[in-house]
Amino acid sequence: MLKILIVDDERLVRQMIIRCIDWNELGLEIAGEASGAEAGLELVEKLAPDIVITDIRMPVIDGLEFGRRVVERHPKIKIVILSGHDEFAYAREGLKIGVFDYLLKPINREELTEAAVKVRDAVLEERGREEKVENLRSKFKENSKYMIENQLSTLIQDKDPEQALENLEYLGLKVQGEVFQIALVEVEYAHDRNSRGNGEEKLDIESRCRGLIEEFFRDIPSVYVFGGAILGTVIFNNADEAGFIRLCGSLRERLLALMDAKICIGIGEVYHRPGDLNLSYREAREALKYRFAVGPDQIIRFGDVCQKYGISRNIGEENIHKFGSLIRTGNMQEILELLELTYENMRDSNYSREQTVQFAFRFVMEMMTVLVELKISLSNMPRSQKEIMEEIFRLESLDEVRACLREIIIMTSKVIMQELGDKEKNLVGNVKEYLEDHFQEEEISLVSVAELFFTNSSYLSRTFKEKTGKTFSGYLFELRLEKAILFVKQSDLKAYEIAERVGIKDPHYFSACFKKYTGMSVSQFRKANRK
């Protein structure tokens, strides 16, 4: 209920205003009254009224000066002034300083009621706008976190790093500097290794761990935490390498102290270009594979692993990661070209059979990892991982290994393209079905639908356009207008009613769109189709 303060030096006038109408019935309440401007100013601070009704003629401080001071300190308070006929011109000056309305004395019940309703509606409308703006701000803030994580994920997957960087800057996160490094955190139950609890327990512990990691790095600039079920909990270091290693050590100690779990942190090498961030991610993931050899609750740096276990980081290491990125796209030609280039370099470097086979094994593991990440069953492959590995081990020459890997690339690319094609087709079909059922909802958007179908908006936008030949918004627009045409043909609903039923709030915008789409106004179209 909105609060009203009455300020008038005549007690009878104040009482008459209070008793003249039923304020509660109008959704208003008299919060207080004052006999002068000074007392009124004190009550404004104490009661925080929504509306002030004040006389224009008062001793010491008149109503205009009083109103000016109130509006200056509390611009949202609405001021209504009372004036006599001979004060009309004086009262109009009040409108220039922010007074909402004025009433002539003697006060009339109907005019007072009308003024009360008018000022009440103005306050409520203003609050409604502010609430809507605040909701939009809140939604953007909430969604921006998701969008930032989405773009960071894109950056480490090497899909379109330049676009991801541009999007991040637009969202308020400027990736800069010369350090691009990734750490991955892996959580395991500290108790029975053979009984890790059910899926819900696992999600709970991983979620708690993620929350603690985010809290730990919250106030540390240029370190960002993101990830998910597929990528894992990712920490992106965009600042100092040595400081980051120390921070990871402190993080490990904190997690071990607060959680009944085994904590391993794999850390990739530092790179100096954003486009190479995916290499550091792959190295961090590779480092975690040695957790059983290194021991539990450790920080495992990829560089240390390479040195300790004699792994050559030059055996196509960078190309291994590039193969993984390319295989996701199913671009067979680019992958085969990279394979040829890699093997020419290996031939020039006189790689031994052991080194070549080791590279081939790493290559196969990368391909299988990509399939798992894309949620494609390994049973869809014509040959099992074990069969492929056994064949590679029997090969005797560089050319034989290259030919074998060519076959694996072609085989894997076909499986991925088939699976992704089916998934995209199903996704677009489900989205079209959803739009058919929910087109009347005004707030429907690409982002909201993408969240509903557990995908990101960029992927949905691209896939939807590829499969339908139309953008998401263009398809929804046409769907709404086609539904509107049916309403016009089959009902006597007015244009604004049809607009509401097809999810378009602004009737003027709807009418303009309808005319542009059909070449006729709603009334003209109805008349033409009912002859």
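The values are calculated or read from the model by the stated rules, or taken from the named source; none is laboratory data. This structure is a prediction, so every number in the text was calculated from the model and none was measured. Every residue, glycine among them, receives a Cβ derived from its backbone with ideal geometry; neighbour counts consider all protein chains shown.
Summary of computed values
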quantity	calculated
Qualifying position, being more than 21 Å from Arg68 (Cβ to Cβ), among the aliphatic types (A, V, I, L, M) and crowded, with 17+ Cβ neighbours inside 10 Å, among Leu5, Leu28, Leu12	Leu28
Filtered residues of the stretch 281-300 (kept if without any contact (Cβ under 8 Å) to a residue 24 or more places away in the chain and of a type outside the set (A, V, I, L, M))	Glu286, Lys289, Tyr290, Phe292, Gly295
Hits in the stretch 41-52 - residues which are touching a Leu at 6+ places or on another chain (Cβ under 7 Å) and not charged (D, E, K, R)	Leu43, Val44, Leu47, Pro49, Ile51, Val52
Selection count, the stretch 223-280, where residues are part of a helix (DSSP H, G or I), modelled with pLDDT of 90 or more, touching a strand residue (DSSP E or B) at 6+ places or on another chain (Cβ under 8 Å) and not aliphatic (A, V, I, L, M)	4
Search result, residues across the stretch 328-354 that are within 25 Å of Arg285 (Cα to Cα), surrounded by 13 or more Cβ atoms within 10 Å (Cβ to Cβ) and at pLDDT below 75	Arg328, Thr329, Gly330, Asn331
Residues of the stretch 274-285 satisfying the condition of being surrounded by fewer than 24 Cβ atoms within 10 Å (Cβ to Cβ) and farther than 16 Å from Leu152 by Cα	Arg285
Which listed residue, of Val401, Val372, is surrounded by 15 or more Cβ atoms within 10 Å (Cβ to Cβ) and of a type in the set (A, V, I, L, M, F, W, C)	Val401
Residue ID - modelled with the lowest pLDDT, chosen from residues in the stretch 283-323 that are of a type in the set (A, V, I, L, M) and not in a helix (DSSP H, G or I)	Ile315
Failed condition for Leu212, given (1) more than 21 Å from Ser280 (Cβ to Cβ); (2) at pLDDT below 90; (3) of a type outside the set (Ser, Thr, Tyr); (4) in a helix (DSSP H, G or I)	(2)
Neighbours by Cβ (under 9 Å, 6+ apart or cross-chain): first from the stretch 107-124, among the hydroxyl-bearing types (Ser, Thr, Tyr); second assigned to a loop (DSSP other than H, G, I, E, B)	Thr113/Ile21
Condition met for Glu188 (in the same structural domain as Ile265 (by TED's automatic domain parsing) and charged (D, E, K, R))	yes
